[in-house]
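What follows is one structure encoded as structure tokens, with my remarks underneath.
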Amino acid sequence: MFLSQVEKYRAASHRAIQILEKCGATLMEVDSDGTMSYPEPQNCAKDNAEKHSRSKPLSIEEEQSIKVFYENKLQEVCKNFHFPHKIQATALIYFKRFYLQWSVMEHQPKHIMLTCIYAACKIEENHVSAEELEFGI
């Protein structure tokens, strides 16, 4: 059975909310060997006041707004670099597909946006170094 896009968004958001409640943070960490891990769970015996000072999860509508913002930024960056439309389209597809599986609460959209642009340049054989992309931003 295939999940619809809305169901995938909800599942990713729900997973991020559960991790936020359990660990107090949601951003995944990438180790030097490339493996990903969630933050360590916080001790349950901590002060109750600390629990109330934690970040509040984003709603699905807020997440969608953030994704749309970075989709527009992605297009703006591609235009500033004068990349062909094919690269812009490829990067945008990568970005949208990534966030079908993950929440913006788990991975920084700015980093994913730049990674998608870089990968699209490689796939479409428009060679640009990561340094050039970094300095151009």
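Coordinate-derived values only; no laboratory data. Owing to the predicted nature of the structure, the values given are computational and were not obtained by experimental measurement. No Cβ is skipped: glycine too gets one built from the backbone with ideal geometry, and neighbour counts run over all protein chains shown.
Legend: residue pairs K22/K110; K79/K110; K73/K122; K56/K79, Cα-Cα distance threshold 27 Å; pairs beyond threshold, K56/K79. Under 12 Å from a label point 7 Å along Cα→Cβ of T35: give me every residue in the range 94-137 with its amide N that close. Those under the cut-off are none; the list is empty.
So if each residue of separation counts as 0.36 nm, and I subtract the Cα-Cα distance between C23 and K96, what length gain in nm does that give?
Working: separation 73, 0.36 × 73 = 26.28 nm, distance 2.66 nm.
Working it through step by step, the gained length comes to 23.6 nm.
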